[in-house]
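Right, one structure below, let's go through it.
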Amino acid sequence: MLRKISSALSMPVDAPGLRAVISIANHAVRAYGAVLSAPTAQFIAIVELLEMLKNECEKHFLQCLDPADAPLRRRLIKNSAWALMLEMSRLPVPKGLLVAAGVELAYCLAIGKVFPAGYAKNLRRALGPALDFLPAAAQTKDGEAAWIPHFRKVGRAAIKIFEAAPQPPEPPQSFRDVAIKTLRGTSLLTDTRHRQGVLDHSHLSQLVLVEAAQSLRHAAIAGCDDAVLAVLTFLSGLSLRTTHRIPLAGESDDWVMELDVDEGILRIDLDLVFSNAAHPRDASTHRPAGRIIAKPLPVFLADILTKRLDAAPSALFVHELLPAATCDGKRLALHNDALGIEPSIARFVRSAAGFAIQRGADRLAAAVLANDFGVIPASKLYYCHIERGEVWEVARIIYENLGWGAPAPYSEGMSFGSRVAPTRAAVTDWHATLRNDLELLAPGRNAGIESICSFHNRYAEVCASIAVFCLASRGTARIRLTADALTEDAESILLFDKRVGNLPRPLPVPVNAVVARQAKLWGTHCQALERRLATKGIAPDHELRRRLQAIVKQERVEIFFQVDKELRPRPLSCHQLVRAGSKDYGFDSDFGRHFWELELRRAGVQSTTIDLLLRHQVQGIEGHRSTTDRSLMSSFLEIVTAQERVLTELGVAAHVGLSKK
């Protein structure tokens with residue numbers, strides 16, 4: 001048993017606090033046993049062995065100092081489960097957390113697995129405030145404690161082997177929960193070929209898909225409920241059975257998806273699926289947008305559903321309009337023995353986004369139309385901005401290609417996407433404020449060190465703001481752009497502002513002419529500042545002068561910095577930049593990402609090309625994927641050309657510093 005528990009809890013070599021760990025482990029497992037109605041023999045055997053082990057430890061460690069509070073610094077990640085037990089041994093543990101630890105430990109001992117490190121860390125977070133630098137309020141996207149989802153999962157698995165009493169059947173999941181899990185799963189768990197938009201063996205070919213779509217249309221018009229449900233499922237992104245449960249508009253205020261038969265529209269609230277999207281601090285400087293997608297049904301489908309609703313005016317769900325639908329995904333969408341692949345309804349539905357992409361639709365528009373967010377990076381849904389008219393336009397093209405006719409009439413409504421994308425006017429005003437602030441702080445020829453440093457600090461914020469904005473950097477606590485990379489000749493640089501993708505690494509990002517010119521002017525400013533410091537009697541080996549010289553020589557040092565009162569360089573952060581000017585516009589620290597996602601899209605740049613600037617890394621849709629024939633530099637050229645055109649229209653340009661040359 002000692003070998004099993006040491007393996008399950010990843011025991012360190014020196015086994016700090018062994019007696020305390022065994023004691024609390026025994027206590028936790030017994031706490032879980034108390035919630036079982038009739039424990040199985042296997043669970044009882046685990047409890048008995050743990051009790052024997054506890055007694056042996058107390059006997060052997062009775063005369064020894066038991067280092068229950070021995071620190072596990074630098075070993076918390078590797079030995080997180082052991083650290084959890086030590087923490088539980090010296091703190092009052094709520095019963096819920098004790099049971100949560102006990103069920104996982106008993107299950108690990110029963111099947112021979114290791115206590116999950118992430119689960120142990122989340123339980124430690126819940127024990128007390130800021131334990132060992134862990135944030136106390138760790139929550140999931142749904143706002144619940146981070147340990148609860150895994151507790152539910154392991155609880156369901158453990159009860160099957162530890163509970164002898166018969167269990168009642170699990171209650172059916174609500175439509176809301178199933179829809180959220182399905183849409184999230186499609187985004188996160190899609191295979192690589194599907195992400196690429198390739199119609200492989202799990203899809204229908206374009207020719208068969210069009211033929212199947214036309215066959216389903218004829219069957220739906222003829223009164224076949226299964227055909228009507230298949231066409232609706234093509235747009236819902238859900239399974240046939242789940243689509244059959246979609247509520248009609250007005251049924252409830254708490255919905256994730258609803259069908260508005262009167263308008264001929266299917267609505268999806270993605271704020272419930274991809275939660276925690278940012279809210280603007282100042283709505284006047286940001287473009288209005290919501291998190292609800294509205295997309296039109298084909299006119300023929302809207303007409304059919306309208307007639308069904310007229311016949312059943314009290315209907316609240318789709319299944320009440322389509323009572324004869326069988327929800328069988330294996331049923332054939334097209335009966336043709338000559339086809340080499342079975343054109344099942346399931347394959348027909350799975351092919352929706354891929355077909356739209358193959359027909360030239362933008363990936364974001366294809367994902368929105370088909371509710372298939374696996375063909376775009378999930379993070380894109382937090383930055384993108386798509387007008388309602390775009391959805392109707394792509395629906396018109398795809399429906400015509402499928403032989404479904406026109407979409408339902410267009411209805412006005414709010415755009416979908418980021419709520420913190422700055423307006424053009426706000427960006428122009430922001431840039432003008434930065435320029436005016438610089439002019440007010442401009443030092444004279446005989447200015448003192450304090451005035452010179454004040455101007456330098458504001459100029460550093462201005463230069464860094466332009467670079468971070470144009471490079472679409474994430475909000476980081478430290479701007480790590482280096483002088484050897486960001487030069488006046490740079491066409492691209494490697495930027496590492498977040499660990500993303502299967503292989504976290506610095507990723508290339510294009511450098512436009514404004515950023516390159518600003519880098520040149522910053523170097524000239526640093527040279528002029530270094531000369532002024534020399535005339536003020538600052539020693540040549542002073543830390544500040546050495547940093548300025550390194551920037552002028554384009555060495556590998558952080559390029560943007562400020563100066564404190566002791567004349568020491570201090571780093572800049574993106575969070576500091578958005579509050580740097582004399583006026584606060586309420587921008588987020590990554591406002592450039594939101595702005596360029598929208599502006600480049602409006603400039604006609606393809607969604608996958610924009611992803612190169614924002615550095616979304618998802619296997620299957622990277623810049624070097626096998627389904628693109630474009631070179632990286634040609635994509636970068638398209639990005640910077642569009643950026644420079646927008647910057648010119650907004651009046652955003654590089655600023656000079658201490659030197660006017």
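The values are calculated or read from the model by the stated rules, or taken from the named source; none is laboratory data. Please read all numbers here as calculations on a predicted model, not as lab measurements. Cβ atoms come from the backbone with ideal geometry, glycine included; neighbour counts cover every protein chain shown. The area values use the complete protein model at the heavy-atom level, side chains included, leaving out ligands, DNA and RNA. Shrake-Rupley method; radii C 1.70, N 1.55, O 1.52, S 1.80 Å.
Here are the numbers:
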| item | result |
| --- | --- |
| Potential lengthening between residue 170 and residue 311 on full extension [0.36 nm per residue; Cα-Cα distance subtracted] | 47.3 nm |
| Amide proton proximity set for residue 257, modelled H, under 5 Å, gap of 5+ | 269 |
| Cα gyration tensor shape for the chain, rounded if a/c is under 1.5, else prolate or oblate | oblate |
| Percent accessible area from carbon and sulfur atoms, segment 91-250, protein chains only, probe 1.4 Å | 60 percent |
| Simple label model, 7 Å out from Cα along Cβ direction - residue 283 to residue 2, nm | 6.6 nm |
| Gyration tensor verdict on segment 353-421 (Cα atoms; rounded if a/c is under 1.5, prolate if a/b is larger than b/c, oblate otherwise) | oblate |
| Computed FRET value (nearest 0.05) for residue 42 with residue 156, which takes r as the C-beta separation and R₀ as 25 Å | 0.90 |
| Accessible area per residue in Å² at 1.4 Å probe, computed on the chain | 45 Å² |
| Student exercise, the chain dipole from Lys, Arg, Asp, Glu Cβ charges, in Debye to nearest 20 | 2340 debye |
| Cα gyration tensor shape of segment 462-547, rounded if a/c is under 1.5, else prolate or oblate by comparing a/b with b/c | prolate |
| Relative contact order computed over the chain (Cα-Cα under 8 Å; 6+ residues apart), in percent | 12 percent |
| Estimated FRET transfer efficiency when R0 is 45 angstrom, pair residue 34-residue 579 (beta carbons, to 0.05) | 0.25 |
| Positive-pole candidate from 522, 259, 272, dipole of the chain, charges at beta carbon | 522 |
| Most to least packed among 424-432, 26-34 [average Cβ atoms within 10 Å] | 26-34, 424-432 |
| Segment 422-564 - percent relative contact order, Cα under 8 Å, separation 6 or more | 28 percent |
| Label point distance in nm, residue 331-residue 490, each placed 7 Å from Cα along Cα→Cβ | 5.9 nm |
| Accessible area (Å², 1.4 Å probe, nearest 10) - residue 234 | 10 Å² |
| Rounded FRET efficiency, nearest 0.05, which uses the C-beta distance separating residue 163 from residue 14 and R0 of 35 Å | 0.40 |
| Range in the chain, longest, excluding exposed GluC sites (Glu not before Pro) [loop by DSSP; at most 11 other beta-carbon atoms within 10 Å] | 145-411 |
